[in-house]
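Below: the structure, in structure tokens.
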Amino acid sequence: MTINITVLVQMIHFLVAYYILKIVVLKPAIGIVLQQKKQQEVLEGHIAEVNQDIEQRLQENKQAFEKDKEKAKELVPPLISKQAILVPVDKIKHDCLRDGCEMENIEVPLQDIVASIRKRIEHA
């Protein structure tokens with residue numbers, strides 16, 4: 001097998017083109033990819049910090065809420081008695097619609113509520 005001068009020239013042209021492409025195209029492209037990778041790592045670190053800060057604030061808010069909730073339980077008396085809660089609301093609604101809101105057989109707390117509502121309606 002004989003190597004002719006044309007094959008040798010083609011090999012030289014190929015090597016020159018390879019090195020030119022390596023310097024002009026590949027090196028900047030690899031630099032850009034590495035730079036973007038570093039930026040991505042920085043952003044991921046920032047995201048992790050922000051998520052950690054959010055979690056910490058959520059925990060602080062939950063603790064503050066629980067603390068305020070306990071304080072409110074101590075300061076605010078129960079607004080509705082257990083008897084008023086046990087009165088069946090559907091029955092009261094049915095009686096009001098049927099009998100024109102005759103409230104004789106309903107517990108005292110509900111009578112007070114109805115009376116205050118009637119006063120508001122009369123004054124409106």
Open item on the list: In the stretch 1-76, if the dipole is taken from +1 on Lys/Arg beta carbons and -1 on Asp/Glu beta carbons about the Cα centre, which of I3, P28, L58 is farthest to the positive end?
Closed with: I3
Task: Net lengthening on full extension, E70/L34 (0.36 nm per residue, minus Cα-Cα) - done: 7.6 nm
TODO: For Q63 paired with I23, estimate the spin-label separation in nm (one decimal), with each label point 7 Å from Cα along the Cα-to-Cβ line.
DONE: 6.2
- [ ] Work out the FRET efficiency for E41 and H13 from their Cβ-Cβ distance, taking R0 = 25 Å, and round it to the nearest 0.05.
- [x] 0.05
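Laboratory data are not the source of any read-out in this text; all were calculated from the coordinates shown. Note that the structure is a prediction, hence the values are computed from the model and not measured. Neighbour counts run over all protein chains shown; Cβ positions are idealised from the backbone, glycine included.
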